[in-house]
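Data first, discussion second: the structure below is written as structure tokens.
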Amino acid sequence: QFATRVLSCRAAELRPEGGGEPVRGFQVVLEDTILFPEGGGQPDDRGLIGDVPVLRVTRRGPEAVHFVQEALEPGAEVLLSLDWDRRFDHMQQHSGQHLITAIAEHMFGFKTTSWELGRQRSVIELDTPSMTAEQIEALERSVNEKIRERVPVVVRELAVDDPEIERVRSRGLPDDHAGPVRVVDIEGIDSNMCCGTHVSNLSDLQVIKLLGTEKGKKNKTNLVFLAGNRVLKSIEQSHSTEKALTSLLKNGPGEHIEAVKRLQSSVKLLQKNNLNLLRDIAVLIARDFKSKPVQSQLFALHRKEGDSEFMNIIANEIGSEETLLFLTVGDEKEAGLFLLAGPVEAVENLGPRVAELLGGKGAGKRGRFQGKATKMSQRGEVQALLQEFISRRSPEA
């Protein structure tokens, strides 16, 4: 906690990180703050001003701007409280990034070009097209050795014209920077210009886990990692998943992969058999229709199980020179697929209207119009439309 004073408060809007309507509130500047504004790859802190939640902290020149939803009186004395769990998590990830970056450059010459502290995992962009599994393993082993050695992490402030700044790792100062330069030193390992929050000793990182690499942009590699409590949470999630799989698969963790492979093979075989049965059913449905002495001018069929091939087999078997076919597959109360087949002119006229009634989209050519439907419950209206069309075209009418 930290006692401070409100300098200014003005009406503003905040755009939520996940998108959506802007939130109305106020931008508050305090005499000083313990809440970190987002920057340098690190997200902002959260906390309270009195009992008012701080939803975002951003930097405006030398000022930290706190967004809240209640107006605060300029000049008022306030108590600022920090969300420590969020802060400590960010400290672990940020110090972990400094350590990984320094060791990766020392061991392999891979320079860090950027990094991102994510909600679930963090990513370091390395200036190399690839990393081998052996390099990742060696890097992980080395950073964890440094954690066990309890290496101190120290913050210093240097004057802008201090010649020592030339020996400090940096991606450059912001254009609007003023005042001393902040340097974070991992004793004997790294010296880095940085505005972020850090642990005071590498032992506070607990452990670092490198999850692997992903292809980055412009011939670079993204190294994914977890530090500290995030590693423990990941193990807890993995253990819960393992227990659930053990219960479902009725075997031990060491046999899970083989059990899943067997299940996948069984599912593929069942899917193949199911498709063959659907094809046979489609042929039988078409032959049953054709065997009737008097064939209707409209043939409508809905089946929950099926696909486009199932509908097209029926259309191929029946033929579409005389009969108008309206076929649908999928959940009758939700979404699915449809096929309209028949005389070319009739299908061209009716296809777009059928798609519209079913709340879907489709396309067609040569007497076939098919597509996706979102309102399968409207099938009755489509059938009424088709019946009316046939009645108008009938010689008896």
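The values are calculated or read from the model by the stated rules, or taken from the named source; none is laboratory data. Bear in mind that the values here come from a model prediction, so they are computed numbers and not experimental data. Neighbour counts are summed over all protein chains in view; Cβ atoms, including those assigned to glycine, are modelled from backbone coordinates with ideal geometry. Protein only, heavy atoms only, side chains kept; ligands, DNA and RNA dropped before computing areas. Shrake-Rupley method; radii C 1.70, N 1.55, O 1.52, S 1.80 Å.
The set of residues in the stretch 1-38 that are loosely packed, with under 11 Cβ neighbours inside 10 Å and acidic (Asp, Glu) comprises Glu17, Glu21.
Taken as a whole, the structure places Ile285 among residues that are among the aliphatic types (A, V, I, L, M), in a helix (DSSP H, G or I) and farther than 24 Å from Ala133 by Cα.
Just to be sure, is Pro62 at pLDDT below 95 and over 32 Å from the mean Cα position of the chain (by Cα)? Yes: the conditions hold for Pro62.
For the residues Arg230, Arg287, the requirement of being on the phi < 0 side of the Ramachandran plot, out of contact with any strand residue (DSSP E or B) (no Cβ under 7 Å at 6 or more places or on another chain) and touching a residue at least 40 places away in the same chain (Cβ under 8 Å) singles out Arg230. Screening Ile235 on (1) open to solvent by less than 70 Å² (accessible area, probe 1.4 Å); (2) among the aliphatic types (A, V, I, L, M); (3) under 25 Å from Ala133 (Cα atoms) shows it passes everything except condition (1). Cβ separations smaller than 8 Å between residues 6+ apart or across chains give the following pairs from the stretch 332-344 residues that are crowded, with 16+ Cβ neighbours inside 10 Å to residues that are among the β-branched types (Val, Ile, Thr) and assigned to a loop (DSSP other than H, G, I, E, B): Gly342/Thr323. Considering Asp175, Asp185, the condition of being over 23 Å from the mean Cα position of the chain (by Cα) and either under 18 Å from Gly41 (Cβ atoms) or among the aliphatic types (A, V, I, L, M) (or both) is satisfied by Asp175 alone. Being basic (Lys, Arg), assigned to a strand (DSSP E or B) and surrounded by 14 or more Cβ atoms within 10 Å (Cβ to Cβ): is that true of Arg87 here? Spelling it out, it is not the case that Arg87 is basic (Lys, Arg), assigned to a strand (DSSP E or B) and surrounded by 14 or more Cβ atoms within 10 Å (Cβ to Cβ). Note on the stretch 330-388: among residues that are closer than 17 Å to Gly306 by Cβ and of a type in the set (Asp, Glu), the one that is modelled with the lowest pLDDT is Glu332. Every residue in the stretch 156-189 that is open to solvent by 70 Å² or more (accessible area, probe 1.4 Å), at pLDDT below 90 and within 22 Å of Gln92 (Cβ to Cβ), please. Scanning the stretch 156-189 gives a single hit, Arg171.
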